[in-house]
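The values are calculated or read from the model by the stated rules, or taken from the named source; none is laboratory data. This one's a predicted model, so the numbers in the text were calculated from it and none came from an experiment. So basically every Cβ, Gly included, is an ideal-geometry build from the backbone, and we count neighbours across all protein chains shown. Side chains are part of the model used for accessible areas, which takes the heavy atoms of the whole protein and leaves out ligands, DNA and RNA. Shrake-Rupley method; radii C 1.70, N 1.55, O 1.52, S 1.80 Å.
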Amino acid sequence: MTANWAAFTTAEPDLAGTVEKRFGAYTHHILATLRKDGSPRTSGLEVRFLNGELWLGMMPDSLKARDLRRDPRFALQANPGEGTGMGGGDVRISGRAIEVDDVGTKAGYVEEVEPPEPFHLFRTELTEVVRTYVEDDTYLVVQVWTPGAPLRTIKRT
């Protein structure tokens with residue numbers, strides 16, 4: 001089961017707000033894709049939250065775009081920033097990236113983002129969102145959301 005960003009925001013508005021804030025704190029983040037042989041590849045990436053979707057844009061024929069065209073599964077981790085503070089926690093999103101070829105959709109994205117052209121544009125279908133943070137200097141808290149299930153919160157000492 002998958003969901004777009006709008007569905008996640010509707011299901012868990014507080015967590016979605018925290019995740020967007022974490023991604024908004026820095027421009028570049030880490031995208032993990034799968035190579036042809038199945039091994040992982042990590043790449044830097046900028047992301048956008050627009051019109052109820054989480055968008056991934058990338059240069060033409062980049063290795064990450066080739067990976068996603070072949071196997072749409074991805075994991076995305078917000079830039080943790082400097083030091084060990086990770087204000088707001090560590091956030092990760094997993095799912096499937098679906099390439100968008102629709103001229104109107106791409107034109108709307110260009111109008112909002114003004115990316116260098118040409119480019120690949122992928123819309124995401126989420127399968128999991130995870131936030132990990134420290135509470136009261138005592139607990140490691142892990143929040144896990146998957147489509148169609150309630151938010152799970154795990155606390156460890």
Next item on the list: Considering only region 57-157, give the strands (runs of 3 or more DSSP E) lying wholly within it that have at least 1 residues that are aromatic (Phe, Trp, Tyr).
Entry: 73-77, 120-135, 139-145
Checklist line | Members of region 18-40 found to be open to solvent by less than 40 Å² (accessible area, probe 1.4 Å) and of a type outside the set (Ser, Thr, Tyr), listed by number | finding: VAL19, ARG22, PHE23, HIS29, LEU31, ALA32
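Suppose the filter is assigned to a strand (DSSP E or B), touching a helix residue (DSSP H, G or I) at 6+ places or on another chain (Cβ under 7 Å) and under 29 Å from TYR139 (Cβ atoms); does LEU54 pass it?
On the way: assigned to a strand (DSSP E or B): yes; touching a helix residue (DSSP H, G or I) at 6+ places or on another chain (Cβ under 7 Å): yes; under 29 Å from TYR139 (Cβ atoms): yes.
When the stated conditions are applied, LEU54 passes them.
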Next item on the list: Hey, can you tell me all the residues within region 35-52 that are closer than 16 Å to ARG70 by Cα and out of contact with any Leu (no Cβ under 9 Å at 6 or more places or on another chain)?
Entry: LYS36, ASP37, GLY38, SER39
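Listed residues GLU53, GLU12; which is among the acidic types (Asp, Glu), under 23 Å from PRO118 (Cβ atoms) and touching a Phe, Trp or Tyr at 6+ places or on another chain (Cβ under 8 Å)? Write out each step before concluding.
Numbers: GLU12 fails: under 23 Å from PRO118 (Cβ atoms).
From the options GLU53, GLU12, the qualifying one is GLU53.
From the list ALA65, ALA16, ALA6, which residue is out of contact with any Pro (no Cβ under 8 Å at 6 or more places or on another chain) and under 29 Å from ASP137 (Cβ atoms)? Talk me through it step by step, then tell me what you get.
Working: ALA65 fails: under 29 Å from ASP137 (Cβ atoms); ALA6 fails: under 29 Å from ASP137 (Cβ atoms).
Checking each option against the conditions leaves just ALA16.
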Next item on the list: Could you please let me know if LEU140 is open to solvent by 30 Å² or more (accessible area, probe 1.4 Å), farther than 23 Å from ALA11 by Cα and among the aliphatic types (A, V, I, L, M)?
Entry: yes
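Yes/no per residue for (1) closer than 20 Å to ASP67 by Cα; (2) among the aliphatic types (A, V, I, L, M); (3) more than 19 Å from the chain's Cα centre (by Cα):
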site: ALA97; (1), (2), (3): yes, yes, no
site: VAL103; (1), (2), (3): no, yes, yes
site: TYR109; (1), (2), (3): no, no, no
site: TYR133; (1), (2), (3): no, no, no
site: VAL142; (1), (2), (3): no, yes, no
Item checked: Lone unmet requirement of (1) closer than 17 Å to VAL130 by Cβ; (2) in contact with a strand residue (DSSP E or B) (Cβ under 9 Å, 6 or more places away or on another chain) for GLY17 -> (2)
Notebook entry, point to check: Before we move on, is ARG123 open to solvent by 80 Å² or more (accessible area, probe 1.4 Å) and either within 28 Å of PRO147 (Cα to Cα) or touching a residue at least 60 places away in the same chain (Cβ under 8 Å) (or both)?
Noted result: no
